[in-house]
Structure formats: structure tokens, C-alpha cells
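Have a look at the structure below, then the notes.
Each reported figure results from applying straightforward, stated rules to the coordinates on display, with no laboratory input. Model, not experiment: these values are computed from the prediction. Note that we place each Cβ from the backbone using ideal geometry, even for glycine, and neighbour counts take in every protein chain shown.
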Amino acid sequence: MQTTRQPLLFALTFTLAICVALYLTSRIDLAFSSDLETFSGPRAYPAMILGAMLVFNVITVLQSGFARQDAAPDPARTGLPRTGHAMALFAVLVGFCFVFEPVGYLLTMIPLLILVAWLNGARNWPVTILVSVVLALTCLVIFRYALDTVLPEGLLGIDAVF
Amino acid sequence: MAAFWDIFAGLFGSMGIGQILSLITGLSVGIVVGALPGVGPLLGVVMAIPFTFYMDPVTAMALLIGIYQGASYGGALSATVIGIPGTPMAAATMLDGHPMALAGRASEAVTLATIGSALGGVLSGIVLILIAPELAAIALRFGPAETACFALLGLTTMGALSGNSAVKGWMMGFLGLFIATIGLDPVTGVQRFTFGSVYLDGGIALIPLLVGLFSISEVMRQIERPVRASNVSMGLGASGRAFGTILSRGVNYLRSGITGVLVGVLPGVGGVTASFLSYRLALMFKKHDDPEFGEGNPDGVIAAETANSAVTGGALIPMLALSIPGDPIVAVLMGGLVLQGIQPGPQMFLEHLGVVQGIFAVFILGALLLLPLGLVFLRGIVGMLRLPLWGIMAGVLMVSLVGTYAVSREILDLFALLVFGMMGYLLRKGDYPLAPLVVGFVLGPIFEANFRRTVLVSQGNLVEYLATRPIALGVLALVAMAILAAFLKPRRARQTA
């Protein structure tokens, strides 16, 4: 039987993460003496959880190690370009978080919505821009007047109009 | 029984106009998100969570339960009309609903689904009011050992029944327990995994975790693999003929409702199992002059829809009585209560009886309102199936980002949202189920507090102490059976293949 690579890769990544977490658990600074470190201590509980996860992970590694390889490629598996789009969206969202407060809600949200629409297949630009603007303004009004929450005003103070 | 009448008498006293409007909003939103393939009740409830921060507990639960009930029904609309179930639990409804629609009986099929959903919801609401207080009264006598064991049972069954691999499900449940340990230790105040960050001292916030895991990861997943609806027929309306089935097929409604409630009570089993089990039972009692099942038999639609709506009330019973979520959506509802400063579980009947009565009232009223809302707005709801996917996903992303930020106006919440969004996306890639992670996170504080108390009380002799606690032992035996059943099942399936 041949191995399936992806499940094995995930399981091995988890193993690494659990080992790192166990090391961090050992570094938890106890305020009192080590008498606290019975099963009821602040280190012991997360260590037990991680130990259980390690056991489950080893079982998963063994299960994926003995699994049959698929006879035909999975038709639902996406190609690299679409995964790249998802990663691009994530990178844009990270950038969004950095500029959201200094630049402001409207100036950041509208371009983001247009980009998300494009990544999801929107190609009619006037409709896309109109829908993005309407959605962003509707959300702003709901939060400002219904929920009494002010969203970031931004560089141009556009939100001060509302 | 006296408790039932006491609670019933106080039911509608806890409902004001605000709660009713919130319920109607929730039902309407729920029907739409349930009908839209690729969105679903879990995502709908998760997106509504940030908004409940601004509400009182009963209004918040009215919104969330409304979405839960509405979405359980909404999936039947797309399943019947376009042959794509909006929710997994509507897959059984599609077996006969869509053939009925293709035969020109779409209005009858949709009306049957609506009636079934309403009656299933009312029946499960009555059972909820009858059983939950009695079970909670028993559970209040439980000690920390029993509470910890029940939490472990909830985690084990949820993990075993989510996704394709029980081991992966348990792994995710324990990952949720681990994430819940981030922050200050509840007993000693020691910092755990905070890296000196004041933001993390308070622990991981529920909203970024929930919204990130489900909404952000779904938006990313849809970019990779979009779910698109096909053309929609608009010639729909209420069918008077379908109302006659309340009497002529009453036994099916009752049987399916009871099936749904019983399945709903079992943690982790859920609406899909209930609807297919009920469908199978209806098949055994087929009327000989009806069409075959799978070719437009009305009993098929009734059985599936009544059962999957009855699950909603059943799933609330273990949540209210034992602090165990009956399904992932109820785990999110528990999170909603925690946001309100209410610890879900049997102590709610002592400390927050008004909220409990409000939940009961909201549930019954929601089931009753489903009938007029579903029928009156049928065409509009079905018309929404024509909305372009890019518009839906843009809206989901916007609500997720703004809702998360608005709760505490903390930009780090958005970064946490993205971290969990990427985590959810990668876990889905690896075929790891996300629902047990949420259950583990929500149950984490309950399990840790009671587990550590048990260890303290037992003075380190855990085995000897548990030997004196028969209920805890019984629950641990159930946990062991659930684990064994999960391991035996694939082996038996391979042998019979």
C-alpha cells in the first residue's frame, strides 16, 4: 500500500506544533512551589491535553501511513491558481488590518469588497462597484445608528459625515 | 409536571416587542441563509453572534434561535426548487421534494416542508419545556466529577460523529480545550501561553475564533471551489391541499417529530441523521396508493423536514440541562450565552430562570411563526437564490470583519480573526472537522474547572474517588463505548465491502 502525502504532512505538522506547545508548557512560570504541580496544576492540565492530542496524532499518522493511495485524482481538489487567489485574499486581509484604523472604514472596506467580488468571479465593474459601495454604506449606517458604534473615521474624516 | 405549568405560565411574560422583532428578524435571516447553498445555519448563527453583544440575553437568544430554526427549514426550499440542498440536513427532503417540483407540484412540496418544519418545531419545543427542567433538577445534584465526565462525553460523541475520522474529530476537540487554556490560569492566575501580551491575558475571545474559523475560512474556500445555484423557477405559492395532510398524514408528522427530538438529544448526531432516519421509517409505512419514495412521495418530504426541525429543540435539552451542546450550532448558542455573562447549564434554572423562560417562549413562538413567514415570503426567499455568489461572499466578509471589530473596537481582534481564519482554512484542507474545535473551546472552562476540582477533592486518588461516583462511572462507560464504536465501525465497513 502506498502512502497518501497530504494527510501525513498535516499529521507531521501537528506533531511539530504539539512538541512546541509542550515545550512552552514546561516554561509556564509557576508563582508558587512545585507542590502545585499535581494533576491539578496550571502546567499539568494543558500538558495532559497536549499529551492526548499527541496520541490522537500518532494514530492519525499511522492511519494515513497505511491508507491506500487514491486510484484517480480527486476532482474536487483545486488547482494552484485558485489556491493562489485564496492566499492573495488572505494577504490583502492582513494589509487591511494594518490600514483599517489609520485610513478609515469606507476607504478600506469598499476596495476590499471590490477585490473579493472580483476574486469570486464578478466581471461587471459598474454593478460590482455600486454593490460594494451600497453594502459598505448600509453596514456603516446600521452600526452607527442601530448599534451606536462608530467605525474608524480615517484620513479624510469621511465617517464624520455620518 | 407542576414545573412545566409554572414555566409555561411565565413563558410569554418574558417576551416583549423587542424580542419578537428580534425573533422575526432571526427567522427571516435564517430562512435565507439556509436556502443559499454554501452559507448554511452555522455560518448564519456565527455571523449574528457579534450583533448579540449589544442585546439583552433573551433578545440575543431570540435572534440566534430564530436563525437556527429558520435555517433548518430554509435548506428545504433550495432542495425542493433547484435540487441543491441549502443545508446538509435538507438532503433527505430533496429526495422527494425535488421530484415533486419537477412534476409541477413545487408549491405542494414547499408547503409540506413548511408545515412539517413548524409542527416539528412546536413538538420539540413542548418536549424541551417538559424535560429540560426535570433533567436540570437532577443535574444540579451532580458534583464536579459528573460534570467533567458529561463534558468529556459531549466532546467524545461530537468528535466521533463529525467528519470522516473520529480520531481527527477528537483531536480537534482537544485542540479546542487547549486553545481555551490560553490566558490566565483560573485557579492560580499564572499566565499560560500569553507571551507577555496583555491582549492574551484575557484568553482567546470567542467571536474572532468563531467568525474566523467559519466565515473567513469559508470565504477563502469559496474562492477556490465556488458553490453555484442553477436556474430557479418562480411559480410558487402556498398550497391549500398540503394543509389537509395535517390530519391525513398526522401519524407521520408525530412519528417524525419524536424521531427528531430523540436524535437531537444525543450530542453530535444532528439533523442529517434525524432526517434520514425519519425518512427510512416513513418508507416502512408507505401508503400503497402513494408514489414510490424518491419519485415525489409527500410522506418523504414530511418525514425529513419534520424530523430535522424537531432536532433543534432536542439539541437544546442537553445544553440547558447538562451544559453539553447537542450539535455545533448549539455550541455557538452556548457561546452567545457566555458573551451575555451567563454560564449555560442547569444552574441557569436557578440564577437566570427568566432567560430560560425566554428561550422556551422564543422557541415555541419561532416554530409557530415559521409557518406564516415561510409561506408569505416564499417567492421573495426563492428569488434570493438568484443572488450572485460574489455578492453573498462580499457581504459575509464585510459583516465578519466589521462585526468582530465593533464588539470591543480592538484591532487585535481582527488579527486574531485572520489567524483563526487561516487555521480553519488549513484544517478544512486537511479534512479536519471544525465543529469539535468549537465544542472543545466552549466546554474548555467547564471541563477544566470541574476536572481540577475533582482531582483536588480526590487528593490525587482519582481512580478510588471515581469508584465511589456511580453516575460518573456510567458516563465514562458511555465515553468508552463511543470510542470503541468509532474504531469498530470502519473495520466492519471494510469487512462487508
For this session: Considering the options B:Tyr54, B:Ile324, B:Ala101, tell which one lies farthest towards the positive end of the dipole of chain B, charges being +1 on Lys and Arg and -1 on Asp and Glu at the Cβ, about the Cα centre.
Result: B:Ala101
Exercise. Which peptide among B:412-421, A:7-16 comes first, and what is the full order, when sorted by highest mean count of other Cβ atoms within 10 Å?
Worked result: B:412-421, A:7-16
Exercise. With all pairs of different alpha carbon atoms counted, what Kirkwood hydrodynamic radius in Å does the stretch B:38-153 show?
Worked result: 16.7 Å
Seminar exercise, completed: Counting Lys and Arg as +1 and Asp and Glu as -1 over every other residue whose Cβ sits under 12 Å from the Cβ of B:Gly341, the net charge comes to -2
Problem set entry | Per-selection metrics, the protein assembly as shown (Cα): Rg and Dmax in Å | 24.7, 78
Exercise. How many nm separate the modelled label positions at B:Ala477 and B:Asn164, each set 7 Å beyond the Cα in the direction of the Cβ?
Worked result: 3.6 nm
Exercise. What is the dipole size for the protein assembly as shown, taken about its Cα centre, with +1 at each Lys and Arg Cβ and -1 at each Asp and Glu Cβ, in debye to the nearest 20?
Worked result: 1500 debye
For this session: Count neighbours as other Cβ atoms within 10 Å of each site's Cβ, and list the trypsin sites (Lys or Arg not before Pro) in the stretch B:357-465 that are DSSP loop with at most 13 such neighbours.
Result: B:Arg409
Exercise. Taking neighbour counts of Cβ atoms within 10 Å as a proxy for exposure, in what order, fewest first, do B:Val190, B:Val251, B:Val127 appear?
Worked result: B:Val251, B:Val190, B:Val127
For this session: Would you please classify the overall shape of the stretch B:287-415 from the alpha carbon gyration tensor, given that a ≥ b ≥ c denote the square roots of the eigenvalues, rounded means a/c under 1.5, and beyond that prolate means a/b larger than b/c while oblate covers the rest?
Result: oblate
For this session: Would you give the gap between the C-alpha center of the stretch B:50-126 and the C-alpha center of the stretch B:314-351, rounded to a whole Å?
Result: 22 Å
Seminar exercise, completed: The rounded separation in angstrom of the Cα centers of the stretch B:423-460 and the stretch A:86-107 is 32 Å
Exercise. Under a plain spin-label model, where a point goes 7 Å from the Cα along Cα-to-Cβ, how far apart in nm are A:Ala17 and B:Phe487?
Worked result: 2.5 nm
Problem set entry | Residues B:His98, B:His288, sorted so that the one with the fewest Cβ neighbours within 10 Å comes first | B:His288, B:His98
Exercise. Tally Lys and Arg at +1 and Asp and Glu at -1 over the other residues with C-beta under 10 Å from the C-beta of B:Gly296: what net charge comes out?
Worked result: -4
For this session: Within the set of other residues whose C-beta is less than 15 Å from the C-beta of B:Leu135, count the net charge using Lys and Arg as +1 and Asp and Glu as -1.
Result: -1
Exercise. Between B:Leu21 and B:Glu134, what is the spin-label point distance in nm, taking each point 7 Å from the Cα along the Cα→C-beta axis?
Worked result: 3.9 nm
